[in-house]
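The structure appears right after this line, and notes come after that.
Any read-out appearing in this document is the output of simple, stated calculations on the displayed coordinates, not a laboratory observation. Since the model is a prediction, treat every value here as computed from it, not as a measurement. With ideal geometry, Cβ positions are generated from the backbone for all residues, glycine too; neighbour counts draw on all protein chains shown.
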Amino acid sequence: MTRLERNVNIAAVVIPFLGVLAAAVVLWDRFLGPRDLVIFAIMYVLTALGVTVGFHRLLTHRAFETRPWLRYTLAVLGSMSLQGPVIDWVADHRKHHTFTDEDGDPHSPHAGHAAGLKGMVAGLWHAHVGWLFETQGQASSKRFARDLVEDPTMRRINKSFPLLALLTLAMPFVLGVALSGGSLVAGGLSALLWGGFVRIFLLHHITWSINSICHFFGRRRFRTDDESTNVFWLALPSLGEAWHHNHHAFPQSAFHGLRWYELDPSGWLILGLERLGLAWDVVKVTPERAREKLAVAPSYRAPDREPQAG
C-alpha cells in the first residue's frame, strides 16, 4: 500500500469527525452549549463502556466476572449504542475471532477482496459499513453465543432492543429539557441532536474503525495469524479498543493496553471494579507472557507492517 493510499484511508475516517467538530465550533452557544456537551459526554461514555467493557470484554471474551446486576446493566448500555442486539453482537464478534481475516469473518477488509486499489477500497468499505448490510447478525447464536441464549434475562434484553433504541434518544432529550434554562423544547431538541444523533454517529464510526482501520494499517508487536494492528490515535475515542493487535494476541485479556503509555480507559474501569470487589477472575497478561509472544527479539524494533489486501 502506498503512502498516498494510506493517507486517503486516514482522511476517509478523520474528515467526517473533523466536520462534526467544526460544526460544534460554528454552532457554539447557538445550537451547542456547555449543557449539550455534558449530555453528549455522559451518553457517549456510558454507551461506549457498554460496548467495550460489557459487550466485548465481559460478554464476548469473559475477561472478568461480575455481579448479575452489573452484567445486565452493561448489556443494556451496550444495546443503547445501537450496534445491534446484544446476542447478535456477541455472536458476530466471536465468529470474527474464529475466522479472523479468513473466509467466514463477518467484517474482514482482507478476506474475499482482491489486491490493488479497487480491492482495498472494497475491503475497507465492507469492514467499516458494508458488512452491516450483508453479514451482520448472521452468526449462529446457538453456536457462538449459547451462554447468552441460555440466560433468560439476556434474552429479554436482546428482545428489548427496539425499546432501548428509543430510550437512547429519549434520555438526552429529557436531560436537555430538565436542564434547560430557556425554551424547554429547544433545549430538548438540542440535547437530542448532540447527545443523541451525533453521539451515536461518532460511536458507530469509532467502533467500525476497529473493524476496518485496525485490520489494515498500524503497528504490530506479536506473532498472530491475522492482520490486526494497534492504532494509537484511536485509543482514547475507542476507550482502549484500538490496541486491537494486542487484543488479537491475547483475546481474553481484560486490558488491551499492555504498556504504561497504551491508554486504555476500559481497562482502567475494570481495574477499578476489581478494587471495589465488583469484578474478579480478571484476566491479565504478565510481561513475561507478552515477551514470549513477541514477533521479534525485544532488542530489535521491527518496521511497521503493511498488511496486504486479498
Residues of segment 86-124 satisfying the condition of being in a helix (DSSP H, G or I) and under 16 Å from Ser228 (Cα atoms): His93, Arg94, Lys95, His96, His97, Thr98, Met120, Gly123, Leu124
Restricting to segment 232-269, count the residues that are more than 13 Å from the chain's Cα centre (by Cα) and either hydrophobic (A, V, I, L, M, F, W, C) or crowded, with 21+ Cβ neighbours inside 10 Å (or both). 17
Contact list please: Cβ distance under 9 Å, first residue in segment 78-102 and touching a residue at least 24 places away in the same chain (Cβ under 8 Å) and within 16 Å of Leu49 (Cα to Cα), second residue in a helix (DSSP H, G or I) and of a type in the set (Lys, Arg), pairs at least six apart or on different chains. Pro85/Lys159
Please verify whether Val177 is β-branched (Val, Ile, Thr) and free of Cβ contacts under 8 Å to residues at least 12 places away in the same chain, treating the condition exactly as stated. no
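Residues are listed down the side, and each one gets a yes or a no for (1) surrounded by 16 or more Cβ atoms within 10 Å (Cβ to Cβ); (2) under 19 Å from Trp208 (Cα atoms):
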site	(1), (2)
Gly50	yes, yes
Val76	yes, no
Gln83	yes, yes
Asp92	yes, yes
Thr98	no, yes
Ala111	yes, yes
Leu117	no, no
Trp131	yes, yes
Yes/no for His245 being more than 24 Å from Ser79 (Cα to Cα), touching a strand residue (DSSP E or B) at 6+ places or on another chain (Cβ under 6 Å) and either touching a residue at least 24 places away in the same chain (Cβ under 8 Å) or among the β-branched types (Val, Ile, Thr) (or both): yes
Tell me which residues, restricted to segment 62-85, are under 14 Å from the mean Cα position of the chain (by Cα) and assigned to a loop (DSSP other than H, G, I, E, B). Met80, Ser81, Leu82, Gln83, Gly84
Test each condition in (1) more than 21 Å from Pro106 (Cβ to Cβ); (2) of a type outside the set (Val, Ile, Thr); (3) free of Cβ contacts under 8 Å to residues at least 40 places away in the same chain; (4) surrounded by 22 or more Cβ atoms within 10 Å (Cβ to Cβ) for Leu189 and report the one that comes out false. (4)
Report yes if Glu65 is touching a residue at least 24 places away in the same chain (Cβ under 8 Å), exposed (fewer than 15 other Cβ atoms within 10 Å of the Cβ) and at negative phi, otherwise no. yes
I'm told Arg221 meets every condition in (1) buried (at least 18 other Cβ atoms within 10 Å of the Cβ); (2) free of Cβ contacts under 8 Å to residues at least 24 places away in the same chain; (3) more than 23 Å from Phe55 (Cα to Cα) except one. Can you identify the failing condition by its number? (2)
Filter segment 265-288 for residues that are farther than 18 Å from Leu59 by Cα, among the charged types (D, E, K, R) and not in a helix (DSSP H, G or I) and give the result. none
